[in-house]
1. Hey, among S62, S49, which residue is polar (S, T, N, Q), at pLDDT 80 or above and touching a Phe, Trp or Tyr at 6+ places or on another chain (Cβ under 6 Å)?
2. Name the pairs whose Cβ atoms lie under 6 Å apart, with the first residue in region 29-50 and in contact (Cβ under 8 Å) with a residue 60 or more places away in the chain, the second aromatic (F, W, Y), and 6 or more positions between them or separate chains?
3. Hand me the list of helices (runs of 4 or more DSSP H) wholly inside region 1-68 holding 2 or more residues that are loosely packed, with under 11 Cβ neighbours inside 10 Å and of a type in the set (A, V, I, L, M, F, W, C).
4. Tell me which residues, restricted to region 50-61, are closer than 14 Å to T36 by Cβ and small (G, A, S).
5. Do we find a residue being modelled with pLDDT of 85 or more, loosely packed, with under 12 Cβ neighbours inside 10 Å and more than 30 Å from R16 (Cα to Cα) anywhere in region 70-79?
Amino acid sequence: MTENESKRPIDMNAVRETVARGVDAVHGTMARNGLTRPNDGRLVGGVFSGIGRRFGLDPWTSRVAIGAALLVIPGTQVLAAYPLLWAMMPTEEKATEPAPDPVPAPAA
């Protein structure tokens, strides 16, 4: 790599657009698969309610099942997954909004 290539400024607008496309893609995939965070039945973020609704379970049943998984699975993998799912699962309102037109990728 030459010295000029290593000092090239990063286009933060392009980075933001790329991240936004990725988040929209994840939200769209989750919504198509029925994984949304409902407005009713939430305790914290609605993740367990959304998982329960997706599989036809009561929110408390899904909470108890995931709590049991915490006892069986060593470590805190399930607890670490909760904030990730909270960020990835769209709310019901966002899932019903029409998807924005895809932004074309910047030319290299």
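The values are calculated or read from the model by the stated rules, or taken from the named source; none is laboratory data. Fair warning: this is a prediction, and the values are worked out from it, not measured in the lab. Please note: Cβ atoms are built from the backbone with ideal geometry, for glycine as well, and neighbour counts cover all protein chains shown.
1. Details: S49 fails: touching a Phe, Trp or Tyr at 6+ places or on another chain (Cβ under 6 Å).
Matching residue, one of S62, S49: S62.
2. none
3. On the way: elements: 3-6, 12-32, 47-54.
Answer list for region 1-68: 12-32.
4. The initial filter retains those residues of region 50-61 that are closer than 14 Å to T36 by Cβ, namely 50-55, 59.
Of everything in region 50-61, those that are closer than 14 Å to T36 by Cβ and small (G, A, S) turn out to be G50, G52.
5. Residues of region 70-79 modelled with pLDDT of 85 or more: none.
No, region 70-79 contains no residue that is modelled with pLDDT of 85 or more, loosely packed, with under 12 Cβ neighbours inside 10 Å and more than 30 Å from R16 (Cα to Cα).
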